[in-house]
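Reviewing the structure listed below.
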Amino acid sequence: MTDSHSAIERSLHQSIARLNELTESYADLRNRYRELIRHVEGRDLEYEEHLKNALQQSTQSQVSRNRDSGIEVYVTVSHDLGATAAVAARVFESYVLEAERESVSIGISGGRTIAGMMECVKGEYDDRLQLVPLSGSRLPKDVRISVNTIIGRFCSQRGRETVSGLQLPLDPRMRKGIPDKTYEELFESELRSYYLYLDGEGRREQERHGLPVHYAFTGVGSLDATSAVPRMRELLRISTSCPREVVGDMLDWPIDANGKVVDYAGVQQAIVGIRPDQLIEGYAKGNLKKIVVVAGAGGLRDRLKDEAICAAWRGGLFDVLVTDRTTAEAIIERLRMQT
């Protein structure tokens, strides 16, 4: 009996030792994988886990109540916006690949981060890829990179003389009278027909049918005075006043701390584009699969970016976030202080 117990005890110790070896091997492989992803893709997997957990534990978020898909997070090691744009481009490409031979419609906003993302997108793409402009505002060109310019450049780099891959959110019956133009002519005109459409019947059409978009990519802006692209300050100049509750903007629309669109005098005249709360209605209509926010502080230049991102999260305005480690740290700290 004693020998039997001793044999069992030895076997148990050997099993524990083997388990410890496997645990160490797993930890080593995980660290090597993280380092590989860090060097190859420029992503910080450890912070991705931290940020994802912090967002999921935030009870104020509407995402978990709106959709069951959870949250995807991509965090770049570098705080350079170019690195963030490059990772976002890989996400963009993955969605196109998922569609395989079916057509895929992707909506994008304007802004330098989304412009950088589209510059990093690889591949030729045919007419199965349809790009839909989601935002539009009457901002000077030196303040805001328009979505029209971004899509026009994307098409021109792929040798398209006409914007065959661009689909405006218009009912085909309402596109009568819009002549075929080269991309230079079309985007130089700032798509005036598109703006007029959004100002009138177009918004009613969107409310009835939703945008024909499967995925949406947009930035989130803050009110930081040192931001490199102070589009919100320009919008505030156009408008008569700005309520104190505004903390940032999404799709050029001002939002409060809970991610709700703030309407005030002048904003309707300054912005022509779909509202964030209208965009998320696409989930209920069965069109929209994911909204991707691509936003980073670019180091310490924009100290309020995390506040604007948290506001959009509370409002359930996105379910995929691509950001940098500096901003991820700030978001985690802000959420921790609010719990």
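Which condition number does Leu55 fail, the rest of (1) under 18 Å from the mean Cα position of the chain (by Cα); (2) surrounded by 18 or more Cβ atoms within 10 Å (Cβ to Cβ); (3) modelled with pLDDT under 85 being met?
(3)
Considering each residue of region 58-81, count those that are modelled with pLDDT of 85 or more and more than 25 Å from Glu281 (Cβ to Cβ), and give that number.
Count: 3.
The values are calculated or read from the model by the stated rules, or taken from the named source; none is laboratory data. Everything quoted here is computed from the prediction, not taken from an experiment. A quick note on method: Cβ atoms are made from the backbone with ideal geometry, for glycine too, and the neighbour counts reach across all protein chains shown.
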